[in-house]
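First the structure, in the form of structure tokens, and then the observations on it.
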Amino acid sequence: MKKLLTAVATSLVILSTPTLADNYQIDTEHTFVQFRVKHLGYSWLNGRFNDFSGNFSYDEAKLGSNSVSIEIKAASVDTHHAERDKHIRSGDFLNTDKHPTVKFVSTSYQAGNNETATVTGNLTFNGVTKPVTLDVVHVGGGEDPWGGFRQGFQGTATLKPAEFGMDLAENLGAAAAEVELTLSIEGIRE
Amino acid sequence: MDKDNTPAGYSIPFILVHWVTAIVVLGLFVLGLWMVDLGYYDPWYNRAPNIHRSIGVLITLVVVARMIWRKLSTMPESPKNHKPWERTAARLTHALLYLLLLLMGFSGYFISSAKGQAVDVFNWFSIPAITSSIENLEDASGLIHEIAAYVLITLTIVHASAAIKHHFVERDNTLKRMLGM
């Protein structure tokens with residue numbers, strides 16, 4: 001009995017001790033890795049990656065220590081057009097056989113005003129790793145109706161794929177030189 | 001000449017279907033090889049695949065009809081001078097040619113329709129997609145389409161070489177009867 005009480009007491013202490021930074025597993029059902037690129041300069045072509053995983057840490061009291069890491073399967077690119085997706089995966093574009101993974105690992109989190117932040121990190125894409133800066137908004141966070149605890153963010157960045165060795169402008173025209181990336185991330189606290 | 005094949009030879013309509021298929025398949029092969037390397041701003045970038053898809057669907061329908069026709073009709077007997085192994089080789093080659101033609105049609109259809117898009121035939125009609133949920137179906141289909149195309153062309157060369165050999169070496173009517181002579 002005494003043993004049991006000690007065990008209960010110990011676990012209560014563990015449960016009530018606030019961890020310095022909470023770790024969150026990315027909820028793939030509520031996370032979207034999207035991009036858009038101009039078609040001929042006349043309209044936006046939207047696409048997304050369907051297969052990814054990742055996690056982040058979030059500490060409201062010490063925002064500067066926040067970090068995020070996400071890994072994306074390049075071949076899961078989806079622009080809702082089979083022939084185009086096949087072409088994007090080929091050696092003309094993503095070359096997914098040779099470079100199967102796209103990765104972003106943050107190196108710094110700089111909090112701004114009104115729940116905004118500037119997150120810098122290394123993006124590995126097309127086999128090239130380069131620093132990229134995301135403009136991040138902390139959309140919200142709190143308890144969910146099913147006993148979990150969630151935080152959600154949106155990050156945007158404008159990339160020049162040519163810097164990663166994939167010159168879209170060369171293939172598709174000058175208007176396609178830049179790609180806008182939007183990460184809508186929701187995580188469940190571990 | 002009869003409307004249908006007889007034990008003695010092929011009918012004119014069957015001969016026509018044979019040669020139309022041969023010409024169309026060779027045409028699609030060349031068109032296919034050429035179109036995949038077109039630049040984005042080439043006037044043929046959209047047009048060439050549209051033609052390739054449309055003709056591909058139509059010729060696949062012709063192939064299916066021809067296979068049914070073969071089943072229903074009396075097929076000509078092998079020329080008397082053909083050796084047993086030649087008959088077996090010919091029958092095997094013909095079966096493989098039909099199989100590859102079907103494979104080309106279906107794999108091509110799945111490249112275009114894997115994400116749910118219908119395959120349009122010259123704006124006359126379209127073949128709806130039957131699936132949109134098999135991951136990377138368009139890539140697997142593309143690989144099959146490419147490999148099957150090379151095998152089909154190789155086998156066509158074997159098939160034609162055999163006919164030409166029978167015409168010039170054995171001097172029999174193997175080729176002549178497919179020319180309606």
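The values are calculated or read from the model by the stated rules, or taken from the named source; none is laboratory data. Please read all numbers here as calculations on a predicted model, not as lab measurements. Cβ atoms come from the backbone with ideal geometry, glycine included; neighbour counts cover every protein chain shown. Protein only, heavy atoms only, side chains kept; ligands, DNA and RNA dropped before computing areas. Shrake-Rupley method; radii C 1.70, N 1.55, O 1.52, S 1.80 Å.
Here is how the numbers come out for the structure above:
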item	result
Per-residue ³J(HN,Hα) for the stretch A:175-190, Karplus 6.51 cos²θ - 1.76 cosθ + 1.60, θ = phi - 60°, Hz, x for Gly and Pro	5, 9, 5, 10, 10, 8, 10, 10, 10, 9, 10, 10, x, 10, 5, 7
Vicinal HN-Hα couplings computed from phi for the stretch B:54-63 (Karplus, 6.51 cos²θ - 1.76 cosθ + 1.60; Hz; Gly/Pro x)	4, 5, x, 4, 4, 5, 5, 4, 4, 4
On Cα atoms only, tilt of A:2-16 relative to the major axis of chain A in degrees	40 degrees
Residue-by-residue Karplus 3J(HN,Hα) for the stretch A:29-35, coefficients 6.51, -1.76, 1.60, Hz, glycine and proline x	6, 10, 10, 10, 10, 10, 9
Acute angle (nearest 10 degrees) that the helix B:137-165 long axis makes with the longest principal axis of chain B, alpha-carbon atoms	20 degrees
Net charge of neighbours whose Cβ lies under 13 Å from the Cβ of A:ASP167, counting Lys and Arg as +1 and Asp and Glu as -1	-3
Cross-link reach list, lysines versus A:LYS73, counting only Cα pairs under 16 Å and skipping chain neighbours closer than eight places	A:LYS86, A:LYS98, A:LYS103
Chain B: most fluctuating residue of B:ASN136, B:ASN123, B:ASN50 per GNM, C-alpha cutoff 10 Å	B:ASN123
For chain B, the longest site-free run once chymotrypsin sites (Phe, Trp or Tyr not before Pro) in DSSP loop states with at most 10 other Cβ atoms within 10 Å are removed	B:42-123
Probe 1.4 Å - accessible area at B:MET181, Å² to nearest ten	150 Å²
On Cα atoms only, tilt of B:84-113 relative to the major axis of chain B in degrees	20 degrees
Residues of the stretch B:30-48 buried by at least 50 Å² on assembly (accessible area, 1.4 Å probe, chain alone as reference)	B:TYR40, B:TYR41
Whole-percent carbon and sulfur share, accessible surface of chain B, 1.4 Å	70 percent
Heavy atoms of A:ARG84: accessible area, 1.4 Å probe, square angstrom to 10	80 Å²
Cα centroid separation - the stretch B:120-137 against the stretch A:87-114, whole Å	31 Å
Å² per residue, accessible surface of the protein assembly as shown at 1.4 Å	59 Å²
Cα gyration tensor category, rounded, prolate or oblate, for the protein assembly as shown with a/c compared to 1.5	prolate
Coil-residue chymotrypsin sites (Phe, Trp or Tyr not before Pro) of the stretch A:62-169, DSSP, other Cβ within 10 Å capped at 16	A:TRP146
